[in-house]
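These notes are about the structure you will find just below.
The values are calculated or read from the model by the stated rules, or taken from the named source; none is laboratory data. Given the structure is predicted, the values throughout are model-derived calculations rather than measurements. Backbone-built Cβ (ideal geometry, glycine too); neighbour counts: all protein chains shown. All accessible areas refer to the heavy atoms of the entire protein, side chains included, with ligands and DNA or RNA removed. Shrake-Rupley method; radii C 1.70, N 1.55, O 1.52, S 1.80 Å.
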Amino acid sequence: METLKYFLPQVWFVILALFLFLYVMLDGFDLGVGILSLTSSDEERRGILMTSLSNIWDANETWLVLMGGGLFGAFPLAYGTILNALYIPILVMVFGFIFRGVAFEFRELSRRKLFWNFAFGAGSFIAALGQGFALGAVLKGINVDETGHFIGSTWDWLSLPSVLVALTLIQGYVLIGSTYLVWKTTGELQETHYKTAKIAALTTLIGAIAITISTPIIYESARYRLFQQPLVYIFTLIPVLGVWLIWQLLQSLNRKEERAPFVWTILLFVLSFIGLGLIIFPYIIPTKITIYEASADPSSLVIMIIFIGFLIPVMLFYNLYQYIVFRGKVTGGGYEE
């Protein structure tokens, strides 16, 4: 039983990390495309952008629902504390999702699309901003008492580091959204997003460098973790690999490749999640509550693993099936080759 109490929280930490990664990767380009729609110069371009998402966007958000449900079941203490501390960023994200979802459906039925176009783009930006603030606040750390309950203030989530994380995450979403559109569009519109992808790659790199430098300076716990043996060698390698991936991404964009930029961007997200996981583990609320302290009863974790073991393959198959069926280009009028 003691082995299970030690092993099962680790398994669920990995499962939740997988859910979060799949959400950020899949809904990340959805949000990125939505943000990019704010810069579209005419209705036809905007229509192509939204059509590229029309058959996949709602299924991508399922991973966030699974992540929230898994956190509630596996780490109930963390679920209650995190939601209590991050009510405002989470509400901002939810309102962004509402605006985005309603705008997506109503735009198709509206004769005057200007308001719904703005609502879709603004909703995407607001949702991404809320997620960035929430991530920044969790990395900063949440004030809790000896029982793990939140004792901070309403605005603890708002700080200079969380603003930096939020802006960098938005740039990352714009990057993956741009590379997705490079893959899905043609002609003049594709050329436009080759350019936006290059810009977003550089701004994301700048943000990542700023976070990498500022984190050990501002947070003593992160500084201890980053320079701890033998993790210091891994944390030294991650920025080097990140710069190399950005270089490969820029080279693929310069060569006008269509699918490679999206792949390189996904690898950047993978690398970021590996670094994030290594910094946080074994905490579920850095640096206050570990996964072992916040985990549910082992019998509950086992039952949930059995259920989720059936659900994950079904979800992955459904997502894969969607992308295979709708793998073609989205074209329209004057933007075809």
Of everything in region 36-47, what is in a helix (DSSP H, G or I) and open to solvent by 50 Å² or more (accessible area, probe 1.4 Å)? Give them in sequence order. 43, 44
Check whether at least one residue in region 135-158 is assigned to a helix (DSSP H, G or I) and within 30 Å of residue 52 (Cβ to Cβ), and report yes or no. yes
Quick one: would you say residue 221 is at pLDDT 90 or above and either within 19 Å of the chain's Cα centre (by Cα) or on the phi < 0 side of the Ramachandran plot (or both)? no
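Quickly run through region 77-92 and pick out the residues that are of a type in the set (A, V, I, L, M, F, W, C), within 21 Å of the chain's Cα centre (by Cα) and open to solvent by 30 Å² or more (accessible area, probe 1.4 Å).
Those that are of a type in the set (A, V, I, L, M, F, W, C), within 21 Å of the chain's Cα centre (by Cα) and open to solvent by 30 Å² or more (accessible area, probe 1.4 Å): 83, 88, 90, 91, 92.
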For region 224-337, which helices (runs of 4 or more DSSP H) that fit wholly inside it have 2 or more residues that are closer than 30 Å to residue 184 by Cα? 231-254, 260-280, 298-325
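Looking at the structure I just gave you, is residue 169 crowded, with 23+ Cβ neighbours inside 10 Å, under 19 Å from the mean Cα position of the chain (by Cα) and at pLDDT 90 or above?
Judged against the criteria, residue 169 is a match.
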If we keep only residues of region 180-201 that are farther than 19 Å from residue 31 by Cα and either assigned to a helix (DSSP H, G or I) or of a type in the set (Lys, Arg) (or both), then the residue nearest to the chain's Cα centre (by Cα) is 191
If I ask for residues that are farther than 24 Å from residue 279 by Cβ and open to solvent by 10 Å² or more (accessible area, probe 1.4 Å), which ones from region 14-35 would you list? 35
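Can you go through 280, 266, 285 and tell me which one is modelled with pLDDT of 90 or more and surrounded by 14 or more Cβ atoms within 10 Å (Cβ to Cβ)?
Result of the check over 280, 266, 285: 266.
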Checking the structure you have, find out if any residue of region 56-72 is farther than 22 Å from residue 308 by Cβ and of a type in the set (A, V, I, L, M). yes
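Here's the yes/no breakdown for (1) in contact with a helix residue (DSSP H, G or I) (Cβ under 7 Å, 6 or more places away or on another chain); (2) buried (at least 24 other Cβ atoms within 10 Å of the Cβ); (3) under 16 Å from residue 45 (Cα atoms):
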site	(1), (2), (3)
175	yes, yes, no
184	no, yes, yes
190	yes, no, yes
197	yes, yes, no
210	yes, no, no
In the set 101, 148, 141, which member is in contact with a Phe, Trp or Tyr (Cβ under 9 Å, 6 or more places away or on another chain), on the phi > 0 side of the Ramachandran plot, touching a residue at least 24 places away in the same chain (Cβ under 8 Å) and surrounded by fewer than 23 Cβ atoms within 10 Å (Cβ to Cβ)? 141
Any residue in region 233-246 that is touching a residue at least 24 places away in the same chain (Cβ under 8 Å) and under 27 Å from residue 8 (Cβ atoms)? yes
Select from region 55-71 the residues that are outside any helix (DSSP H, G or I) and either of a type in the set (Lys, Arg) or open to solvent by less than 50 Å² (accessible area, probe 1.4 Å) (or both) and write down the one among them that is farthest from residue 137 (Cα to Cα). 56
With the structure loaded, tell me whether residue 74 is within 23 Å of residue 174 (Cβ to Cβ), open to solvent by less than 40 Å² (accessible area, probe 1.4 Å) and not polar (S, T, N, Q) or whether it fails that test. no
